[in-house]
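The values are calculated or read from the model by the stated rules, or taken from the named source; none is laboratory data. On a predicted model such as this, the values are computed, not experimentally measured, just so you know. Cβ sites come from the backbone with ideal geometry, for glycine too, and all protein chains shown count toward neighbours.
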Amino acid sequence: MIDSAAHAPDSATLLIDAPDQKGLVASIAQFLLQHNANILHADQHQDAEEGRFLMRVEWDVNGFDLPMSAFQQAFAPVAAAKNMQWHLCQPRKRARMAIFVSQYEHCLVDLMHRYRIGELGCDIPLVIGNHESMRHLVEYNRIPFHHIPVSANTKAAAEAQACSLLTDAQVDVIVLARYMQVLSPDFVAQYPNRIINIHHSFLPAFDGARLINVHSLVASNSLAQPAITLPTNWMKGRLSNKR
């Protein structure tokens with residue numbers, strides 16, 4: 001799968017999700033070396049519980065002798081040999097990020113500030129809220145705000161409306177900034193590995209809408225260190241997350 005996202009103008013990034021096994025890093029590095037790639041950053045994570053290996057590798061495209069248009073065909077045999085799911089983020093195009101928000105503003109305020117000073121390195125074509133309360137903050141930053149109320153009876157219609165807006169805006173990634181709704185599996189399936197949830201709680205071990213409830217649970221379980229959970233897949237009954 002090939003898509004475009006925001007990275008340094010002269011770099012490309014490969015995201016890998018595969019069953020944990022020997023030789024994964026070597027096969028990826030060898031492929032890039034064969035095409036004269038200069039690796040700039042490489043990060044990896046092994047999920048022992050799920051038996052998964054995750055990797056993000058970024059390289060300088062200057063001197064890289066494989067055209068991006070030919071990358072999929074060339075890399076496909078390498079990926080198939082290790083049963084990899086992969087995603088190539090190509091250079092020279094800024095990512096388009098949508099934000100979902102409810103009534104808590106602190107995550108949104110931080111994102112708006114970082115966006116305004118250029119730290120995020122992306123475009124934000126719209127913000128979707130299930131309440132009107134964040135409209136003033138979003139429109140102050142000259143970003144369109146769309147109010148889509150959500151209830152048990154209107155959830156499917158609300159998600160369909162949101163999907164239509166996201167498609168029209170050509171959104172690459174969605175950030176849930178204290179968005180207090182559980183997205184349906186059908187919605188998540190349309191944005192695989194492109195949804196980031198910013199939440200105060202110690203998910204998935206501890207959840208709850210109110211921060212005080214989560215802190216009480218953490219204290220009662222003798223946990224001292226705080227954490228921030230950023231799930232890449234937000235789905236009822238299944239949560240894939242990084243801490």
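Matching residues to (1) assigned by TED's automatic domain parsing to the domain that holds C163; (2) in contact (Cβ under 8 Å) with a residue 40 or more places away in the chain:
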site: I28; (1), (2): no, yes
site: F31; (1), (2): no, yes
site: Q44; (1), (2): no, no
site: M55; (1), (2): no, yes
site: D65; (1), (2): no, no
site: Q73; (1), (2): no, no
site: P77; (1), (2): no, no
site: A80; (1), (2): no, no
site: C107; (1), (2): yes, yes
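Quick test of your reading of the structure: D172 fulfils all but one of (1) at pLDDT below 90; (2) surrounded by 14 or more Cβ atoms within 10 Å (Cβ to Cβ); (3) of a type outside the set (S, T, N, Q). Name the failing condition by number.
The number of the failed condition is (1).
Any chance region 195-207 includes a residue that's at pLDDT 85 or above and more than 21 Å from A152 (Cβ to Cβ)? So that I can check it myself, show each step before the final result.
Initially, region 195-207 is screened for residues at pLDDT 85 or above, giving 195-197.
Okay, now just the ones that are also more than 21 Å from A152 (Cβ to Cβ), so 195-196.
For region 195-207, residues at pLDDT 85 or above and more than 21 Å from A152 (Cβ to Cβ): present.
Among N36, N83, N62, which is at pLDDT 95 or above, loosely packed, with under 14 Cβ neighbours inside 10 Å, in contact with an Asp or Glu (Cβ under 8 Å, 6 or more places away or on another chain) and not aliphatic (A, V, I, L, M)? Spell out how you get there, then give the answer.
Details: N83 fails: in contact with an Asp or Glu (Cβ under 8 Å, 6 or more places away or on another chain); N62 fails: at pLDDT 95 or above.
Just one listed residue meets the conditions, N36.
What number of residues within region 107-138 are at pLDDT 95 or above and basic (K, R)?
1
I need a count of the residues in region 37-91 that are basic (K, R) and either in a helix (DSSP H, G or I) or in contact with a Ser or Thr (Cβ under 7 Å, 6 or more places away or on another chain) (or both).
Filtering region 37-91 for residues basic (K, R) gives 52, 56, 82.
Right, trim to either in a helix (DSSP H, G or I) or in contact with a Ser or Thr (Cβ under 7 Å, 6 or more places away or on another chain) (or both) and you get 56, 82.
Number satisfying all stated conditions: 2.
Looking only at residues that are assigned to a helix (DSSP H, G or I) and aromatic (F, W, Y) in region 102-154, which one is nearest to L183 (Cα to Cα)? Give the steps one after another, and end with the answer.
Of the residues in region 102-154, the ones assigned to a helix (DSSP H, G or I) are 106-116, 135-140.
Now drop any that are not aromatic (F, W, Y), which leaves 115, 140.
Values: Y115: 25, Y140: 27 Å.
The residue in question is Y115.
Can I143 be described as at pLDDT 95 or above and either among the hydrophobic types (A, V, I, L, M, F, W, C) or more than 19 Å from R96 (Cβ to Cβ) (or both)? Break it down into steps so the answer makes sense when it comes.
Details: at pLDDT 95 or above: yes; either among the hydrophobic types (A, V, I, L, M, F, W, C) or more than 19 Å from R96 (Cβ to Cβ) (or both): yes.
For I143, the condition - at pLDDT 95 or above and either among the hydrophobic types (A, V, I, L, M, F, W, C) or more than 19 Å from R96 (Cβ to Cβ) (or both) - is met.
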